[in-house]
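Below is one structure, written out as structure tokens; comments come after it.
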């Protein structure tokens, strides 16, 4: 799932009583979920990167200010063999 990083002062969570945090084993980054439907809301990456990571699927791109839309890709070095077997076919 794609995510975007936002400075904490630019993020407001509504309904804090309905949000639960979970810290996975061996992680310092809490993940935030809706208590009612268990939907993934965000990662609180402030302890490590100083930002919140918000999944892009939560954003209605029609209502997002264009300055916040993605400008470039950062994972061009990744590759896919396509076959899934050990010889790379």
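Applying 0.36 nm per residue to the separation of residue 40 and residue 67 and subtracting their alpha-carbon distance, the gain on full extension is 7.3 nm. Once the Cα-Cα distance is subtracted from the 0.36 nm per residue extended length, the residue 56 to residue 17 segment shows a gain of 11.7 nm.
Since every read-out is calculated from the coordinates, none of them should be taken as a lab result. Bear in mind the structure is a predicted one, so any value in this text is a computation, not a measurement.
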